[in-house]
Ligand code: URP
Ligand code: ZN
């Protein structure tokens, strides 16, 4: 059955224009003014925005952190994503509990996701406990499994990737055209500070941001980018950039002519401050790494997004743990609190309202950061992230003027809170289509469990 979406303002990364869109099955067939197709179902979108289905390249569904798991299953987490206008995710894998081949986690993730995800999905591989064998395996799996990005954590105990291995990984990435997303925090600065705070009994939630200072991020961003450059401009990718200090290091690298790297920030670093930690109990909700920062950091990140050229992607780092139970593990000591917060359902709504409606970024910039650039950087474009003939018919129909209040009562994930509770939003998602199927209508999920497909990803736009 064909469908025509009529009358919407189509938003791409480059322009906003009025046209109709003809969908044939799962893909976009044509885009033009005054399209007619006698047997097509007509969807009236007059006065509405038509956006590409959003692409979230940083989630942690059902993440095993050793002592608990993030509370969203691949089913509940992808339903939440869909209701928030996201039709594709690329999930960051958990560390394996033992020193096993990289393929082990790939198989584990297929067991978690296949048959459960309701939207299309891919995986970033995870690098840990490195060896020459794992470097070869990374090369092999990139081709055989379509996993063209492999994450390195520059902190996190035994699973941290040190500079020696980071350099070796970057050389392979440069050679093979693989993206290396990196969690950038200087491990020593974090661990020594955490231990000092602990020794003084300073273990309430308000000390979490003190243990993970902005300079720890800035130092690691700078080191990552120098190492990538020396490895032949390997396609490095900074995940969840949170601070003005980190941004300055990005800017220095760009000024020195380094081109082939990507930078991501997240809505929480654009809309929430470290005031969230003032209350020792409520503060547990916002324990995440890196932590929330100051208003000056928020201002610097928005300014960079509006100016373009420094930040490429807004993803979420969706990693939810329940407040009533899981976050309480940190009640007596923030260091025992599972790190992470929800965000997959809130992303588009918060970025439209805080970014576009407040005039900090344009509509086209929003589509670039939420849809098109993540698809390009992670080898999914033009199937995903674009409204062009031949692309998957993944869309969001949005009312740009409707107002509502964000509250957990209206949300779909497994968590019991949102960090944005009570936020007054402009703009409302009305319908979401995934491969031509209406999967969300007026905040009701209509799709089926397991309809999501695994995406073998191709070459990144960051590759030289
Ligand atoms: O606190 C966070 N971000 N938890 C998820 C894992 C990670 O570090 O990205
Ligand atoms: Zn993460």
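Laid out as a table, the results:
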quantity: Cα centroid separation - the stretch 418-448 against the stretch 316-372, whole Å; calculated: 16 Å
quantity: Global form of the stretch 53-377, assessed from the alpha-carbon gyration tensor, a/c cut-off 1.5; calculated: rounded
quantity: Gain upon complete extension [residue 103, residue 41; 0.36 nm per residue less C-alpha separation]; calculated: 17.9 nm
quantity: Angle in degrees between helix 187-199 and the longest Cα principal axis of the chain, rounded to the nearest 10; calculated: 70 degrees
quantity: Segments 168-176, 370-378 sorted - mean Cβ within 10 Å per residue, highest first; calculated: 370-378, 168-176
quantity: Protection-proxy order for peptides 280-287, 262-269, each taking the mean of Cβ atoms within 10 Å per residue, highest first; calculated: 262-269, 280-287
quantity: In degrees, nearest ten, helix 102-113 long axis to first principal axis of the chain (Cα); calculated: 50 degrees
quantity: Zero-based 5 Å bins, Cα pair distances in the stretch 151-190, whole percents; calculated: 6, 24, 32, 21, 11, 5, 1
quantity: Kirkwood Rh and Cα Rg combined as Rg over Rh, evaluated for the stretch 207-261; calculated: 1.01
quantity: MRE, 222 nm, helices only [DSSP H, n ≥ 4, -39500 (n - 2.57), over the chain, to nearest 500]; calculated: -8000 deg cm²/dmol
quantity: Euclidean distance between Cα centres, the stretch 120-159 to the stretch 204-281, Å; calculated: 21 Å
quantity: Peptides ranked, highest mean first, by Cβ atoms within 10 Å: ranges 451-460, 107-116, 191-200, 67-76; calculated: 67-76, 451-460, 107-116, 191-200
quantity: Average Cα contact separation per residue, the stretch 247-356, under 8 Å, 6 or more apart, as relative contact order %; calculated: 32 percent
quantity: Rg(Cα)/(2.2 N^0.38 Å) for the stretch 313-372, N = residue count; calculated: 1.49
quantity: Principal-axis tilt of helix 74-83 within the chain, Cα atoms, nearest 10 degrees; calculated: 50 degrees
quantity: Ratio Rg/Rh, restricted to the stretch 95-156 and using Cα atoms, in which Rh is the Kirkwood radius; calculated: 0.97
quantity: The stretch 53-209, Rg to Rh (Cα coordinates; Rh as Kirkwood inverse mean 1/r); calculated: 1.00
quantity: Approximate shape of the stretch 382-441 as ellipsoid semi-axes (Cα gyration tensor, √5λ), whole Å, largest first; calculated: 27, 14, 10
quantity: Percent RCO, i.e. relative contact order, over the chain, from Cα pairs under 8 Å lying at least 6 residues apart; calculated: 22 percent
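No value in this document is a laboratory result; all are computed from the given coordinates. Fair warning: this is a prediction, and the values are worked out from it, not measured in the lab. No Cβ is skipped: glycine too gets one built from the backbone with ideal geometry, and neighbour counts run over all protein chains shown.
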